[in-house]
Amino acid sequence: MIFTETPLAGAYLIDLERRGDGRGFFSRVFCSNEFAELNLATNFVQVNNSLSSNRGTLRGMHYQLPPHAETKIVRCIQGALCDTIIDIRKESPTFGQHYQVELTAENRRMLYVPKGFAHGFITLTDDTEAFYFTDEFYSPDSERGIRWNDPTFGITWPIEPTEISDKDAEHRDFDPSFHLPTQS
């Protein structure tokens, strides 16, 4: 795996290191030793899969409060999406900044999202499927969200959303007095 740190502290792009021949290729998508060398989470407890039928479906911006804050590894396994993260760790040098990357079935790129980040994506094709690992179990009581177009963050989405769940549409703007503690 090839790890590239994003401009946001602790968030990484992960590209596959392919070993191939005429039959195709082989690569690892996870190795606890390689993750541990970078002090990244290695104990994932839940794997989630989402399918969005229509281009323009927006999901986000989600996070969970401690002690259920999640680290995620996100990969698109069908179609294409624009994955977006916001650092909401007040003590972080990149607090309040966001980052976007296109994840596609073709590029097989993954995004490592540390605890203390809000996460969401918009689908760029019909029938887009995302697969993601989390290091904490889903906790409905700890689930929170930030409005996808909160002017605080100035996120420019590559296309206009056409579908947003009622729950995601009702997220409020970020409260600047709120903060998540920086966690390792």
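The values are calculated or read from the model by the stated rules, or taken from the named source; none is laboratory data. All figures in this text were calculated on a predicted structure; none of them were measured in a lab. In this analysis, Cβ positions are derived from the backbone assuming ideal geometry, glycine residues included, and neighbour counts consider all displayed protein chains.
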Where THR156 falls short, out of the listed (1) crowded, with 16+ Cβ neighbours inside 10 Å; (2) closer than 22 Å to PHE95 by Cα; (3) at pLDDT 95 or above: (1)
Hits in segment 108-133 (condition: surrounded by fewer than 20 Cβ atoms within 10 Å (Cβ to Cβ) and of a type in the set (Lys, Arg)): ARG108, ARG109
So is PRO158 in contact with a strand residue (DSSP E or B) (Cβ under 6 Å, 6 or more places away or on another chain), outside any strand (DSSP E or B) and over 29 Å from ARG28 (Cα atoms) or not? yes
Which condition number does ILE77 fail, the rest of (1) aliphatic (A, V, I, L, M); (2) assigned to a strand (DSSP E or B); (3) modelled with pLDDT under 95 being met? (3)
For segment 80-99 the number of residues that are among the acidic types (Asp, Glu) and in a loop (DSSP other than H, G, I, E, B) is 1
Within segment 159-178, of all residues that are under 14 Å from ILE88 (Cα atoms) and of a type outside the set (Asp, Glu), the one surrounded by the fewest Cβ atoms within 10 Å (Cβ to Cβ) is SER177
Here are the criteria: (1) surrounded by fewer than 20 Cβ atoms within 10 Å (Cβ to Cβ); (2) under 29 Å from PRO151 (Cβ atoms). Tell me which single one ALA105 does not satisfy. (2)
Failed item in (1) surrounded by 15 or more Cβ atoms within 10 Å (Cβ to Cβ); (2) over 26 Å from ASN54 (Cα atoms); (3) over 16 Å from the mean Cα position of the chain (by Cα), with GLU136 passing the rest: (3)
